[in-house]
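No value in this document is a laboratory result; all are computed from the given coordinates. Note that the structure is a prediction, hence the values are computed from the model and not measured. So basically every Cβ, Gly included, is an ideal-geometry build from the backbone, and we count neighbours across all protein chains shown.
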DNA sequence: GTCTATATTTCGATAGAC
DNA sequence: GTCTATCGAAATATAGAC
């Protein structure tokens with residue numbers, strides 16, 4: 001029967017939601033704290049109760065993706081290097097597709113604000129996590145246990161997915177999502193030269 | 001024997017060159033007119049002699065790409081719709097690869113400044129040209145004379161190229177450019193399910 | 001064509017009342 | 001938790017001399 005005490009947390013989440021939308025739509029630099037505040041019906045100053053700096057809002061949105069990437073890599077790294085990883089790669093792509101569908105805005109935020117995201121490197125925790133994630137992916141794609149051509153194809157497969165569910169998707173808006181996914185998986189299969197699950 | 005009177009034009013070109021570099025490197029919003037002026041050894045105010053507004057510099061850089069895209073589309077549109085266009089698509093990709101290699105900065109300018117580029121939509125001429133170019137590409141990729149799967153593959157092939165010569169190329173810096181191009185063409189060939197020239 | 005000087009605007013951030 | 005009011009910095013843009 002107690003009145004919910006989490007209004008603060010709700011407001012904080014709303015700030016992040018609105019910020020994600022505006023940062024994605026209009027760009028981080030061109031989105032002022034005033035824009036965010038007005039959308040929420042509060043004032044600019046109120047935002048400073050929840051976030052010390054504007055950058056901290058972007059940072060929190062960014063670190064969410066680290067979580068997904070890290071978990072995905074962790075699963076994959078448990079697989080022995082070489083042929084087994086090549087065989088397991090399609091499953092990684094499936095999970096990536098699923099994630100991109102559910103987080104289009106979050107992905108757009110990054111692809112459309114590389115400068116602002118890059119500035120987050122000033123944050124020590126973020127820089128460290130980024131470097132580790134990149135090293136882990138590059139290590140996977142640089143393995144001598146996998147032929148160069150196959151590694152290029154693994155990289156290309158990521159490109160195909162990000163393209164179709166990113167900018168280029170405009171031409172196929174009429175195609176049902178499920179059919180588009182099926183076609184994507186088919187193309188990815190050809191890129192990897194192995195059938196998907 | 002007459003002293004060249006085109007110093008103005010040369011300065012104008014230099015402004016565009018420096019602007020392209022700084023916009024690409026540091027972002028459009030984070031590049032001030034002062035930055036550009038100082039690099040050229042002139043003052044901020046002098047820039048206003050050549051360009052009425054900062055945006056006009058970006059606009060001129062942008063419209064250059066319209067030229068390439070329009071010419072590429074024009075060639076392709078002369079080909080009869082259907083099988084013949086499917087057969088001609090690989091040649092389009094070759095030209096695209098060649099262009100991307102020779103204009104990496106110009107491409108980076110766009111991919112890294114979607115907000116600023118998007119703001120150019122306020123310019124009537126630019127908005128018109130953009131819409132026409134997009135319509136022309138969408139029309140090509142929407143043709144009922146080409147099976148859906150093939151059209152998706154045509155779209156994906158663009159994605160593969162932009163990916164490998166864009167962000168994802170980091171993992172293969174040690175691979176010679178020529179070899180990387182060869183591998184790219186091989187993957188593109190698989191995506192399209194036709195051999196490249 | 002280029003300069004100095006300045007007007008004007010916008011934004012991130014802070015202080016303090018309620 | 002939210003507000004009003006304001007500061008300081010930086011950027012775009014303009015005016016007018018040379």
For residue A:148, go 7 angstrom from Cα along the Cα-to-Cβ vector, then report the distances to that same point in the other copies in nm, smallest first.
3.9
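Given Cα positions, please report Rg to Rh for segment B:128-197, the hydrodynamic radius being the Kirkwood one.
Numbers: Rg = 14.6 Å, Rh = 13.7 Å.
Here the Rg-to-Rh quotient is 1.07.
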Within the set B:187, B:18, B:173, GNM on chain B using Cα springs under 10 Å gives the largest fluctuation to B:173
Residue of chain A nearest the A-to-B rotation axis [by Cβ], rounded angstrom distance:
A:29, 2
Given chain A reduced to its alpha-carbon atoms as identical point scatterers, what log10 I(q)/I(0) does the Debye formula return at q = 0.12, 0.19 Å⁻¹?
-0.73, -1.32
Where does each of A:177, A:194, B:191 land when they are ranked from fewest to most other beta-carbon atoms within 10 angstrom?
A:177, A:194, B:191
With the label set 7 Å along Cα→Cβ, residue B:177 is separated from its counterparts in the other copies, in nm and shortest first, by 4.2
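Compute the relative contact order of chain A as a whole-number percentage, counting only Cα pairs closer than 8 Å that sit 6 or more residues apart in sequence.
For chain A, the relative contact order is 22 percent.
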Can you list, bin by bin at 10 Å, the percent of alpha carbon pairs in the protein assembly as shown, starting at 0?
4, 19, 28, 26, 16, 6, 1, 0, 0, 0
Would you kindly work out, in nm and rounded to one decimal, the distances from the label point of residue B:26 to those of the same position in each other copy, ordered shortest first, with label points 7 Å along Cα-to-Cβ?
2.4
Likely footprinting exposure, B:78, B:131, fewest C-beta neighbours within 10 Å first:
B:78, B:131
Give the average, rounded to an integer, of partner chain Cβ atoms located within 10 angstrom of each Cβ in B:146-152.
4
Taking B:30, B:54 and counting other C-beta atoms within 10 Å, the order from fewest to most
B:30, B:54
